[in-house]
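Below is one structure; the comments refer to it alone.
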Amino acid sequence: MNIAMIGSGYVGLVSGACLADFGHRVTCVDVDAQKVAALQSARIPIYEPGLDRLVADNVAADRLFFTTELASAVADAEVVFIAVGTPSRRGDGHADLSFVHAAARSIAGALKDFTVVVTKSTVPLGTGDDVERIMRETNPEADFAVASNPEFLREGAAIDDFKRPDRIVIGAQDERARTVMGEVYRPLYLNQAPILFTTRRTAEVIKYAANAFLATKITFINEVADLCEQAGADVQEVARGIGLDKRIGPKFLNAGPGYGGSCFPKDTLAFVKTAQDLGTPLRLVETTVAVNDQRKRAMARKVVAACGGSVRGKRIAIFGLTFKPNTDDMREAPSIAIIQALLDQGAQITAYDPEGMASARDYFAQIGYAQNAYDAAAEADCVVIVTEWNEFRSLDFERLKEIMATPVLVDLRNIYRPKDVERLGFAYASLGRPNGI
Ligand code: NAD
């Protein structure tokens, strides 16, 4: 099939490359000319494991193309995906749909034969209806159907998630659209990925409900970690103890510094706003949002406590800046709030992250950036593990102790066992676990 992917960011580029790998002919479009120029010269503008290879293979096979010319890509396509950003709108937290609406207008003007237009961006309830209306107004003659196909991939494991999804959700009432979407994903359901056909509105709710549920699960275990800390219990064993129950499941039960990233914070907020507008407030999700916001500042307080009650003039090394490992994405990363709070209290920060430092400089020009973990830790009064990159999982503690001013480790991802680190002479703080275990 001929496919146009409008928006070539994390989702558009990964989806486009994977669909090309299924054998479709895919043209990825973006308004960012620099991004397109980079892709055309085989440079991948984001860090996502395996993506460079996948893109190179499919470009070489003449199945994957990049352009800024939306009109020609759309005119040739049987299916057009909208995968542009839907950030939080300034001021009220609703999803900002201006990029989606702009894409809909441009697509409408370029359509030729019957085309299925698919929102892959995460969009609130009713956006499919808006896209359809905007397109009809722009081009009343056009023959098209609008479908919703929310994306569930996770950055850092995006290719595998796209190729081996837990499920594919297609929201479309139009029979022609259902048939075409079935064709797009046929290689996947040959692999037995369940495909769920539903209405557009239901598909839109599924995406937000899934993210809100996961954010709530994370926030739940984070609060239980706080309780364990006071109670002298071990949150990791609690998580295992509840996660073995199949109704609960073991995933998303790792205590941490609060969820971040480009999806959960904005999607939970947008879901809350939609629910309020409909007069059916989601109080559980509202609380999740509030608890998670407070948590990031609480993490800074944990660092201050580990440093003896003040960080003024202290040197703090931050290990990990991105919102999770295996991505360069800094959007809403917990490190941002933690570093800001520590800077406000007079700390000097040196950070190291394997992939995130280029984007981190946009947030913090005034902190130091080191080439590796040990350079960051030199002369430090405290090391804080914020993101659990693999290279922080087997630190050389003897070396750290030698180069640090004081051996204090705050582990916000519970990577280490308290007694192992303490035995090596470190003061160690983690989440929801008593010392000495
Ligand atoms: P992104 O910011 O990385 O990419 C969006 C791209 O769209 C940018 O390159 C931008 O230049 C381009 N763009 C904007 N307007 C355009 C237009 N009119 N025509 C062509 N290109 C245009 O965003 P992302 O992380 O890929 O997210 C895209 C959508 O997918 C969002 O709605 C997001 O919520 C959703 N989503 C993201 C993830 C994730 O892990 N990042 C997962 C699932 C769903």
Condition set under 17 Å from Asp160 (Cα atoms) and without any contact (Cβ under 8 Å) to a residue 24 or more places away in the chain, scope the stretch 19-53, selection nearest to the ligand (Cβ to nearest atom): answer is Asp52
Log entry, pairs with first residue in the stretch 260-289 being within 15 Å of the ligand (Cβ to nearest atom), second being in a loop (DSSP other than H, G, I, E, B) and of a type in the set (Lys, Arg), beta carbons closer than 6 Å, six or more apart or on different chains, reads Ser262/Arg331
Picked from the stretch 102-115 (must be more than 8 Å from the ligand (Cβ to nearest atom) and buried (at least 18 other Cβ atoms within 10 Å of the Cβ)), the residue nearest to Arg201 (Cα to Cα) is Ala104
Practice problem: State whether one or more residues within the stretch 295-311 are within 19 Å of the chain's Cα centre (by Cα) and touching a residue at least 60 places away in the same chain (Cβ under 8 Å). | Solution: yes
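Checking the condition away from the ligand (no atom under 16 Å from the Cβ), crowded, with 16+ Cβ neighbours inside 10 Å and modelled with pLDDT of 95 or more, which residue from Ala157, Ala215, Ala210, Ala239 passes?
Among Ala157, Ala215, Ala210, Ala239, only Ala239 is away from the ligand (no atom under 16 Å from the Cβ), crowded, with 16+ Cβ neighbours inside 10 Å and modelled with pLDDT of 95 or more.
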Subset of the stretch 136-162, residues under 21 Å from Gly261 (Cβ atoms) and charged (D, E, K, R), comes to Glu151, Arg154, Glu155, Asp160, Asp161
Counting only residues in the stretch 341-372 that are charged (D, E, K, R) and touching a residue at least 24 places away in the same chain (Cβ under 8 Å), the one farthest from Glu155 (Cα to Cα) is identified as Asp362
Looking across the stretch 138-154 at residues that are more than 10 Å from the ligand (Cβ to nearest atom) and either within 24 Å of Asp329 (Cβ to Cβ) or under 21 Å from the mean Cα position of the chain (by Cα) (or both), the single one that is surrounded by the most Cβ atoms within 10 Å (Cβ to Cβ) is Ser148
Next on the checklist: Whether any residue in the stretch 79-96 is assigned by TED's automatic domain parsing to the domain that holds Asp129, modelled with pLDDT of 95 or more and away from the ligand (no atom under 13 Å from the Cβ) is what I want to check.
Outcome noted: yes
Residue check for Ser335: under 29 Å from Arg240 (Cβ atoms), out of contact with any strand residue (DSSP E or B) (no Cβ under 6 Å at 6 or more places or on another chain) and surrounded by fewer than 19 Cβ atoms within 10 Å (Cβ to Cβ) = no
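Quick grid of which residues meet (1) under 23 Å from Pro87 (Cα atoms); (2) crowded, with 19+ Cβ neighbours inside 10 Å; (3) among the basic types (Lys, Arg); (4) away from the ligand (no atom under 16 Å from the Cβ):
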{"position": "Val117", "(1), (2), (3), (4)": "yes, yes, no, no"}
{"position": "Arg136", "(1), (2), (3), (4)": "no, no, yes, yes"}
{"position": "Arg164", "(1), (2), (3), (4)": "no, no, yes, no"}
{"position": "Gly171", "(1), (2), (3), (4)": "yes, yes, no, no"}
{"position": "Ala177", "(1), (2), (3), (4)": "no, yes, no, yes"}
{"position": "Ile195", "(1), (2), (3), (4)": "no, no, no, yes"}
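Listed here are the residues, each with its yes/no results for (1) farther than 28 Å from Leu253 by Cβ; (2) among the β-branched types (Val, Ile, Thr).
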{"residue": "Asp353", "(1), (2)": "no, no"}
{"residue": "Gly368", "(1), (2)": "yes, no"}
{"residue": "Ala377", "(1), (2)": "yes, no"}
{"residue": "Ala380", "(1), (2)": "yes, no"}
{"residue": "Ile385", "(1), (2)": "no, yes"}
{"residue": "Asn390", "(1), (2)": "no, no"}
{"residue": "Arg413", "(1), (2)": "no, no"}
{"residue": "Tyr416", "(1), (2)": "no, no"}
{"residue": "Ala429", "(1), (2)": "no, no"}
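The values are calculated or read from the model by the stated rules, or taken from the named source; none is laboratory data. Predicted model, so just to flag it, every value in this text is computed and none were measured. Here Cβ is always computed from backbone atoms with ideal geometry, including for glycine, and neighbour counts include all displayed protein chains.
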